[in-house]
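Novice: Once you've had a glance at the structure underneath, I'll fire off some questions.
The values are calculated or read from the model by the stated rules, or taken from the named source; none is laboratory data. Model, not experiment: these values are computed from the prediction. Here the Cβ is made from the backbone with ideal geometry for all residues, glycine too, and neighbour counts use every protein chain on show.
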Amino acid sequence: MYRDAILKKFDPRLDNILFILHELQDNNPQHYLANADIEKCADYLNIPYSYVHGVVTFYSMFSLKPRGRYIIRLCDSPPCHLMGSESLLDYLKKKLKVDVGKTTADGVFTLEITSCLGICGVAPALMMNEEMIGNLTPERVDTVLEERRQTS
Ligand code: FES
């Protein structure tokens, strides 16, 4: 079972909880933490389920709901805003036919917004799963989405 393999990579110490949860979420094709993930983590660290659940709900990077194969996190901080992220957000919403926090009907993309990604020099920017993508234009967004659709 992949969950056991993930847990074995970490010592069963409380300070590994975020690493474990990240790894469990990243290995779920729907990019979320299922009840089974929380139970496994709690058992492994010998802590209550409610503690792990509390950690998951505290951090916005964790999700308790299934999400798309690709998580699009568009930066919404001032430098990206000044460079047009707001109109890109409208463009993405129309193109994907979803609102922020929602997943496309085909389950490929989830649209989220985030604060500064640390690459303001190439604003406006987004993060697609682990990949940073800057200098965004509607055309660049089209290309990026098309490339991901072809690999999903
Ligand atoms: S403000 Fe968008 S990457 Fe920094």
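Novice: Which ranges mark the helices (runs of 4 or more DSSP H) fully within segment 37-152 that have 1 or more residues being under 30 Å from L7 (Cβ atoms) and polar (S, T, N, Q)?
Specialist: 49-58
Novice: Across segment 105-121, which residue is farthest from the ligand (Cβ to nearest atom) among those that are of a type in the set (A, V, I, L, M) and more than 17 Å from E86 (Cβ to Cβ)?
Specialist: A105
Novice: Can you confirm whether segment 82-91 contains a residue that is within 16 Å of the ligand (Cβ to nearest atom) and hydroxyl-bearing (S, T, Y)?
Specialist: yes
Novice: Before we move on, is K94 at pLDDT 95 or above, assigned by TED's automatic domain parsing to the domain that holds A125 and either over 17 Å from L145 (Cα atoms) or away from the ligand (no atom under 16 Å from the Cβ) (or both)?
Specialist: It is true that K94 is at pLDDT 95 or above, assigned by TED's automatic domain parsing to the domain that holds A125 and either over 17 Å from L145 (Cα atoms) or away from the ligand (no atom under 16 Å from the Cβ) (or both).
Novice: Applying the selection to segment 1-50, what residues are β-branched (V, I, T) and more than 30 Å from G107 (Cα to Cα)?
Specialist: I47
Novice: Here's another thing I want to ask about it. Answer yes or no: is there a residue in segment 58-66 that is more than 19 Å from E112 (Cβ to Cβ) and without any contact (Cβ under 8 Å) to a residue 40 or more places away in the chain.
Specialist: No, there is no match, as no residue in segment 58-66 is more than 19 Å from E112 (Cβ to Cβ) and without any contact (Cβ under 8 Å) to a residue 40 or more places away in the chain.
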